[in-house]
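Here is the structure we will look at, set down as structure tokens.
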Amino acid sequence: MSAQAAGIRAEDPKRRVLKDVFGFDDFRPGQADIMEALLSGRHVLAVMPTGAGKSLCYQVPALVMGGLTLVVSPLVALMQDQVAALRLAGVGADTINSSLDREANVAAWRRVASGQTRLLYLAPERLMTERMLDALSRLDVSLIAIDEAHCISQWGPAFRPEYEDLSRLRHIFPNVPIIAVTATADESTRSDIEARLFAERVETLVLGFDRPNIKLAIESKQDSKRQLLRFIERHPGKSGIVYCLSRKKTEEMAAFLEKNGVTALAYHAGMSKDAREANQNAFMTLSGVVMVATIAFGMGIDKPDVAYVFHTDMPGSLEAYYQEIGRAGRDGRKAEAHMLYGLGDIRMRRLFIDDEDASVEHKRRAHRRLDTLIGYCETAQCRRQVLLGYFGEQAEPCGNCDNCVDQVPRADGAAEARLILTVVAQSGQRFGAAHVIDILTGHETEKVQARGHHRLTSFGSGAAHKKTVWLSLIRQLVAGGFLMPDPDGHGGLAISDSGGALARGEVAFHYRVENRDPLARGRKRAAQGSGMGGEGVDASLLATLKSLRLRLAKERQVPAYVVFSDRTLIDMAERRPRDLDAFAEVNGVGGAKLKEFGEIFVKAIAGHGSDRSV
């Protein structure tokens, strides 16, 4: 390290903690701004892309500020893994949760009460009990962090009613800064979090959603097993995640891949804890393993060399899709997000929503979110433009999605689009797709007659096409930003500025032509190859380091990635440190891990070099 860098670290306590405790030389984009806001006593809502380092945004300020930091997290397994990782970094961390016996929870509380614990991880229902709040109010609480904050919003993709009660925290701890972090929050979800949790008094930092290294592609579902196998065969020896809708399908897909020579493991909530942990450790440690999982897998997993995420079934929303594909390509290398899409998926998702124990308003919004995802699947536009546009970002055509690269068949749909826009305008820009289509196709429903819409000049103007054609076109107009769903979620469609320009003939609209031979497109992509790059490190040494990491993790009864992330092992393999001073410079090696693991790994690296020279 240069003298100048050392001087900066000495002057900036958050940089000193970043290096000395966590072993990182510099912040990722946005992290320093978030930390400064918290250290200045301001509330923060941080919306960051997956893999951007959300946890450090509150862990570093927690250590700089002193006192006790409360971390609210939705999953017990995620809390336990983060506590284990902090302890290995030399940080006093604890969790109190229902999976631990009373003796362990009492011992944890004693450490909290005595000031030994710096970060305490709690589920919202545990934190918001009167007994816990009363006990915490007598301690020096300096910071509150709420992870997966989209769970707070009733409009978010993973609403949890117990999160609602967290709005009381700003009154119970009036002088304590609160940070809420999430990777998946559109504008309405962000506004809901701002109002519920912070009463609008919050600094919201949206750090961008684009992951340009991930190629986006969607394929019509025909034979999902064969389509999956063909895709994986284009990525030999690569690690990937395959998401399935059900536990049964997860196990069937994993068995099918194994039968066809692919190293595949299953992961779902119905498996035993030991089985899940064993499969997770294998995935994190070994190369070329495919994890076939339900959405139970992924949260908190930071494996940088995941080459692809494959959805055998459509997710529930664009937020869920974005979060899940974000587990690919965290090392910055080329990666792929591939989804199979079929009408059966839509029916199943509709049933899930209708069967939910939720309000009519919540179900209505859930259906609108699903419509937006369907529009994304059906669009002929650049997928990245549509995805980022949903989160409020503008983008140019990316050149890295199937619509850009493969040039899917398109047709001029301006005339049909103008018919739709005319109906929307004449009916008052208040009605949803079903009513608009009834007018277009000349269907005199009770609702159409009651509002006199059978007398509109546009009534029956689209009778030449089936309802399914019009529904696809409307979804694509929404996905392209020509039509806007009303912000209150009641389903009405309004014409945007670009939609007005389209209606006047000032801009073009091309729609996706359904491919009658989707397998041919798949063969074309297979012939082109994936273009994935090599690892750039000694694969044998990296395998040795991963094996050592797994042994150390088993001895400590923690997941393998808690010892060191793959990113750290890759840096280790590239640097080949020969002594502890050199090992300290490896990205992700802090003081505590240097002391505990330094000699072990330096010896392994030296031994590997000796073996290779024989």
* Being free of Cβ contacts under 8 Å to residues at least 60 places away in the same chain, in a strand (DSSP E or B) and surrounded by fewer than 20 Cβ atoms within 10 Å (Cβ to Cβ) is the filter here, so list the residues in segment 116-141 that pass it. => none
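Every residue, every condition in (1) touching a strand residue (DSSP E or B) at 6+ places or on another chain (Cβ under 6 Å); (2) surrounded by 18 or more Cβ atoms within 10 Å (Cβ to Cβ), yes or no:
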| residue | (1), (2) |
| --- | --- |
| ASP192 | no, yes |
| ARG211 | no, yes |
| LEU216 | yes, yes |
| PRO236 | no, no |
| GLY240 | yes, yes |
| MET253 | yes, yes |
| LEU265 | yes, yes |
| ALA269 | no, no |
* Asked: For ARG384, all conditions in the list (1) more than 34 Å from the chain's Cα centre (by Cα); (2) at pLDDT 90 or above hold save one; what is the number of the exception?
  -> (1)
* Which of the residues belonging to segment 377-416 are more than 12 Å from GLY480 (Cβ to Cβ) and polar (S, T, N, Q)? -> GLN394, ASN400, GLN407
* Asked: Hey, among the residues in segment 179-204 that are touching a Leu at 6+ places or on another chain (Cβ under 7 Å) and part of a strand (DSSP E or B), which one's modelled with the lowest pLDDT?
  -> THR204
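State yes or no: is THR182 within 17 Å of MET79 (Cα to Cα), in the same structural domain as VAL71 (by TED's automatic domain parsing) and not aliphatic (A, V, I, L, M)?
Numbers: within 17 Å of MET79 (Cα to Cα): yes; in the same structural domain as VAL71 (by TED's automatic domain parsing): yes; not aliphatic (A, V, I, L, M): yes.
In short, yes.
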* Structure fact -> Condition set touching a residue at least 12 places away in the same chain (Cβ under 8 Å) and over 21 Å from GLN31 (Cβ atoms), scope segment 198-209, selection surrounded by the most Cβ atoms within 10 Å (Cβ to Cβ): answer is ALA199
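Per-residue answers, yes or no, for (1) buried (at least 21 other Cβ atoms within 10 Å of the Cβ); (2) at positive phi:
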residue	(1), (2)
ASN400	no, no
CYS404	no, no
ARG418	no, no
LEU421	yes, no
GLY428	no, yes
* **Failed item, numbered, when PRO174 is tested on (1) surrounded by fewer than 22 Cβ atoms within 10 Å (Cβ to Cβ); (2) in contact with a Cys (Cβ under 7 Å, 6 or more places away or on another chain)** => (2)
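For the condition outside any strand (DSSP E or B) and crowded, with 18+ Cβ neighbours inside 10 Å, what is the one hit in MET291, MET284, MET348?
On the way: MET291 fails: outside any strand (DSSP E or B); MET348 fails: crowded, with 18+ Cβ neighbours inside 10 Å.
None of the others qualify; the one that does is MET284.
In the set LEU63, LEU86, LEU75, LEU70, which member is touching a residue at least 40 places away in the same chain (Cβ under 8 Å) and in contact with a strand residue (DSSP E or B) (Cβ under 7 Å, 6 or more places away or on another chain)? Step through it out loud before you land on a result.
Values: LEU63 fails: in contact with a strand residue (DSSP E or B) (Cβ under 7 Å, 6 or more places away or on another chain); LEU86 fails: touching a residue at least 40 places away in the same chain (Cβ under 8 Å); LEU75 fails: in contact with a strand residue (DSSP E or B) (Cβ under 7 Å, 6 or more places away or on another chain).
Result of the check over LEU63, LEU86, LEU75, LEU70: LEU70.
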* Asked: Considering LEU228, LEU245, which residue is surrounded by fewer than 20 Cβ atoms within 10 Å (Cβ to Cβ), touching a residue at least 60 places away in the same chain (Cβ under 8 Å), in the same structural domain as GLN385 (by TED's automatic domain parsing) and touching a helix residue (DSSP H, G or I) at 6+ places or on another chain (Cβ under 9 Å)?
  -> LEU245
* Tell me, which helices (runs of 4 or more DSSP H) wholly within segment 472-570 include 2 or more residues that are at pLDDT below 55? -> 518-528
* Residues located in segment 564-593, provided they are in contact (Cβ under 8 Å) with a residue 40 or more places away in the chain, over 17 Å from ASP305 (Cα atoms) and in contact with a Phe, Trp or Tyr (Cβ under 8 Å, 6 or more places away or on another chain) -> VAL589, GLY590, LYS593
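Within the group ALA425, ALA414, which residue is at pLDDT below 90 and more than 24 Å from ARG333 (Cβ to Cβ)?
Selected residue: ALA414, the only one of ALA425, ALA414 that is at pLDDT below 90 and more than 24 Å from ARG333 (Cβ to Cβ).
Given the options THR263, THR294, name the one that is among the hydroxyl-bearing types (Ser, Thr, Tyr), more than 20 Å from the chain's Cα centre (by Cα) and not assigned by TED's automatic domain parsing to the domain that holds ARG42. Spell out how you get there, then give the answer.
On the way: THR294 fails: more than 20 Å from the chain's Cα centre (by Cα).
Exactly one residue qualifies, and that residue is THR263.
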* Asked: Looking only at residues in segment 454-471 that are surrounded by 15 or more Cβ atoms within 10 Å (Cβ to Cβ) and in a loop (DSSP other than H, G, I, E, B), which one is nearest to the chain's Cα centre (by Cα)?
  -> HIS465
* If TYR308 satisfies every condition in (1) in contact with a His (Cβ under 9 Å, 6 or more places away or on another chain); (2) surrounded by fewer than 22 Cβ atoms within 10 Å (Cβ to Cβ) but one, which is the exception? -> (2)
* Can you name the condition, by its number, that LEU45 falls short on among (1) under 25 Å from GLU319 (Cα atoms); (2) without any contact (Cβ under 8 Å) to a residue 40 or more places away in the chain? -> (2)
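Check whether at least one residue in segment 90-112 is at negative phi and in contact with a Pro (Cβ under 9 Å, 6 or more places away or on another chain), and report yes or no. Talk me through it step by step, then tell me what you get.
Our first condition is that a residue be at negative phi; within segment 90-112, this holds for 91-112.
Next, from what is left, pick out any that are in contact with a Pro (Cβ under 9 Å, 6 or more places away or on another chain): none.
No, segment 90-112 contains no residue that is at negative phi and in contact with a Pro (Cβ under 9 Å, 6 or more places away or on another chain).
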* To do: Within segment 449-474, count every residue that is touching a helix residue (DSSP H, G or I) at 6+ places or on another chain (Cβ under 8 Å) and of a type outside the set (A, V, I, L, M, F, W, C).
  => 10
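Please go through segment 369-381 and pick out each residue that is over 20 Å from the mean Cα position of the chain (by Cα) and either without any contact (Cβ under 8 Å) to a residue 24 or more places away in the chain or surrounded by fewer than 23 Cβ atoms within 10 Å (Cβ to Cβ) (or both). Steps first, please.
As a first pass, look at segment 369-381 and keep what is over 20 Å from the mean Cα position of the chain (by Cα): 378-381.
Of everything in segment 369-381, those that are over 20 Å from the mean Cα position of the chain (by Cα) and either without any contact (Cβ under 8 Å) to a residue 24 or more places away in the chain or surrounded by fewer than 23 Cβ atoms within 10 Å (Cβ to Cβ) (or both) turn out to be GLU378, ALA380.
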* To do: Please go through segment 373-409 and pick out each residue that is touching a Phe, Trp or Tyr at 6+ places or on another chain (Cβ under 7 Å) and of a type in the set (Asp, Glu).
  => GLU393
* Structure fact -> How many residues of segment 205-244 are in contact with a His (Cβ under 9 Å, 6 or more places away or on another chain) and either hydroxyl-bearing (Ser, Thr, Tyr) or not in a helix (DSSP H, G or I) (or both)? The answer is 8
* Do we find a residue being farther than 20 Å from CYS244 by Cα, in contact (Cβ under 8 Å) with a residue 60 or more places away in the chain, crowded, with 18+ Cβ neighbours inside 10 Å and outside the structural domain of THR182 (by TED's automatic domain parsing) anywhere in segment 356-366? -> yes
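The values are calculated or read from the model by the stated rules, or taken from the named source; none is laboratory data. Note that this is a predicted model, so its numbers are computed, not measured. Heads up, the Cβs are rebuilt from the backbone with ideal geometry, glycines too, and the neighbour counts pull from every protein chain shown.
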